[in-house]
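Colleague: Attaching a single structure in structure tokens format; questions to follow.
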Amino acid sequence: MENWYDGLPKSNDLGARFNSRLEFNVRYLLSILQEKNISATFFWLGSLAEKNKGLIREVQNMGHDIGCHGWTHTHIQVLGNRGFLDETQRALGTIADIIGKPVIHYRAPYFSISEQTPWALPALVRNGIKFDSSIVPVKYWRYGFPGFDPTVSVHQTDHGEITEIPVSTGNFLGIRIPFGGGAWFRMIPFSFVKRGYQHLEELGITGVFYMHPWELDPGHPNVFLNPKYGITHYCKLGRCEKKLRILLDQFRFTSIDQFFPASSGLRI
Ligand SMILES: [Zn+2]
């Protein structure tokens, strides 16, 4: 849960120039989930949670999980071990106060847990996180932890266990790519995405899908960006909602807590 500019370079400048569309975007996403009777896990930036307390409680009351997406939208390798701890604890405390219970779900900005940040998962466990969805087991310019287990699975750390929920990946033209959301979901042929989930289903492997609320808002401002960012941000936004609706009709999706009902608050 972030504004369309939070993951872009110079996001502070963009935030100063443009009004937030977060509430409008989140409400639109909620309406689709309600229509399809599906619950989801909403990972909030702590800095935005502070300004959207009522909206977060509304999302929670509709049966969705409330998780954490850091405080500022900063790559955790840039934050470093100490900075990561400071930001995470601040965000977890803020969000927990809003929802009235500890936060147990986490997703790092830019999926930035990798082999360069071995301190991250143990730190999350120590701070009460039971489910992390920050690792993408591919090699990509923005993120990636190639070789990490691509299935939903429990991992041991020095401070206890954590369930990792990686975005679904598959081989496309010989390259392993995360088809389960974001720019890849928008850019590659939709038939490949559907085949990917069908294949996982046949193997009995849980599929994972994610989406930013701004991806359902193709009318958000079009700013000039370095092509590397510009292509991944704006590519095929107009078709995103249609593809999302087809996926939600063809496959059964739910939130993390609904999928692991025994853990929703009981093991804290
Ligand atoms: Zn993000």
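Colleague: Tell me the chymotrypsin sites (Phe, Trp or Tyr not before Pro) within the stretch 152-238 that lie in a loop according to DSSP and have at most 13 other beta-carbon atoms within 10 Å.
Modeller: When the chymotrypsin sites (Phe, Trp or Tyr not before Pro) of the stretch 152-238 are filtered for loop state and at most 13 Cβ neighbours within 10 Å, Phe224 remain.
Colleague: Okay, next question. Chymotrypsin sites (Phe, Trp or Tyr not before Pro), restricted to the stretch 45-146: which are DSSP loop and have at most 11 other Cβ atoms within 10 Å?
Modeller: Counting only loop positions with at most 11 other Cβ atoms within 10 Å, the chymotrypsin sites (Phe, Trp or Tyr not before Pro) in the stretch 45-146 are Trp141.
Colleague: Follow-up. Can you compute the modelled spin-label distance between Glu161 and Gln34, with each label point 7 Å from Cα toward Cβ, in nm?
Modeller: Result for the modelled spin labels: 3.8 nm.
Colleague: Cross-link partners among lysines for Lys228, C-alpha distance below 29 Å, same-chain residues fewer than 8 apart left out?
Modeller: Lys10, Lys139, Lys194, Lys236, Lys242, Lys243
Colleague: If Lys and Arg each add +1 and Asp and Glu each add -1, what is the summed charge of the other residues whose beta carbon sits under 13 Å from the beta carbon of Ser114?
Modeller: Combined, the nearby Lys, Arg, Asp and Glu give -1.
Colleague: Right, next: Taking the Cβ of Tyr5 as the center, what net charge do the other residues with Cβ under 13 Å away carry, scoring Lys and Arg +1 and Asp and Glu -1?
Modeller: Net charge in that neighbourhood comes out at -1.
Colleague: Any idea how far the Cα center of the stretch 160-185 sits from the one of the stretch 48-98, in Å?
Modeller: 23
Colleague: Now for a different question. Can you figure out the FRET efficiency of Phe18 with Met187, using R₀ = 25 Å and their beta-carbon distance, to the nearest 0.05?
Modeller: 0.55
Colleague: Give the longest segment of the chain that steers clear of trypsin sites (Lys or Arg not before Pro) in DSSP loops with at most 16 neighbouring Cβ atoms within 10 Å, not counting the sites themselves.
Modeller: 143-235
Colleague: Moving on. Given an 8 Å cut-off on Cα distances and at least 6 residues of separation, report the relative contact order of the stretch 1-147 as a percent.
Modeller: 19
Colleague: Sticking with this one: What residues from the stretch 180-204 fall in the zone where the backbone N is under 19 Å from a label point 7 Å along the Cα-to-C-beta line of Val78?
Modeller: Label zone hits: 183.
Colleague: While we're looking at this one, here's another question. Could you work out the equivalent-ellipsoid semi-axes for the chain, taking the square root of 5 times each eigenvalue of the Cα gyration tensor, largest first, in whole Å?
Modeller: They are 24, 23, 20 Å, listed largest first.
Colleague: If I take every Cα pair under 8 Å that is 6 or more residues apart in the stretch 62-199, average their sequence separation and divide by the length, what percent do I get for the relative contact order?
Modeller: With pairs under 8 Å counted, the relative contact order is 17 percent.
Colleague: Among DSSP beta bridges lying fully in the chain, give the percent that are antiparallel, nearest 5.
Modeller: 45
Colleague: Using Cα pairs under 8 angstrom and six or more residues apart, how large is the relative contact order of the chain, in percent?
Modeller: 17
Colleague: Hey, what's the chain come to in accessible area per residue, 1.4 Å probe, Å²?
Modeller: Each residue of the chain exposes 47 Å² on average to a 1.4 Å probe.
Colleague: Just add up the charged neighbours of Leu248: K/R +1, D/E -1, any other residue whose Cβ is under 13 Å from the Cβ of Leu248.
Modeller: Spelling it out: positives minus negatives among the neighbours equals +3.
Colleague: When the chain is treated as a GNM, springs tying every alpha-carbon pair under 10 Å, which of Pro102, Pro189, Pro150 comes out with the largest mean-square fluctuation?
Modeller: Pro189
Colleague: Roll a 1.4 angstrom probe over the protein heavy atoms and tell me the percent of accessible area of the chain that is carbon or sulfur.
Modeller: Ligands and nucleic acids excluded, carbon and sulfur reach 51 percent.
The values are calculated or read from the model by the stated rules, or taken from the named source; none is laboratory data. Not measured: the values here are computed from a predicted model. Neighbour counts run over all protein chains shown; Cβ positions are idealised from the backbone, glycine included. To get the accessible areas, we keep the full protein, side chains included, count just its heavy atoms, and leave off ligands, DNA and RNA. Shrake-Rupley method; radii C 1.70, N 1.55, O 1.52, S 1.80 Å.
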